[in-house]
Amino acid sequence: MSVIPDNSATGSGSPTLAVLDPVAARHAAVHAPAARFTGSLAGATVAFIDNSKPNFSLLADDLEQLLLSRHGVARVLRHRKPNASIGADPSVLDRMASESMVVISGSGD
């Protein structure tokens, strides 16, 4: 936070404090029926939502390789949010819910 001198509002030359609202805009919840787990990920699509925190992409890289090589996952979808404080766009959530058996939302540091 910084104090910014601003003569235009008061004409007095007094400093003005700029206050920023850190709260992200709210979005309606997305509801989708849960898929029945068959006990195997073979042939499944798995999705990752990367919240842009440090190191999550490294974890997701390793998990992706394990899922593909050891568990027979057919495809991995990935979406990286612009930053951690904003939720994923509803269209991204809809796509992941409709195309994936599993969605992993990550945090790293």
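Whenever a residue of the stretch 66-79 is under 20 Å from ASP50 (Cα atoms), its partners that are part of a strand (DSSP E or B) and among the acidic types (Asp, Glu), lying with C-beta atoms within less than 8 angstrom and at least six residues away or across chains, give the pairs ARG78/ASP50; HIS79/ASP50.
Could you say which residue among VAL23, VAL92, VAL19 is surrounded by 12 or more Cβ atoms within 10 Å (Cβ to Cβ) and of a type in the set (A, V, I, L, M, F, W, C)?
Matching residue, one of VAL23, VAL92, VAL19: VAL92.
ALA97 satisfies every condition listed in (1) assigned to a loop (DSSP other than H, G, I, E, B); (2) in contact (Cβ under 8 Å) with a residue 60 or more places away in the chain except (1). Scanning the stretch 21-73 for residues that are modelled with pLDDT of 85 or more, outside any helix (DSSP H, G or I), over 11 Å from GLY106 (Cβ atoms) and among the polar types (S, T, N, Q) gives SER40, THR45.
The values are calculated or read from the model by the stated rules, or taken from the named source; none is laboratory data. Predicted model only: the values in this text are computed from it and were never measured. In this analysis, Cβ positions are derived from the backbone assuming ideal geometry, glycine residues included, and neighbour counts consider all displayed protein chains.
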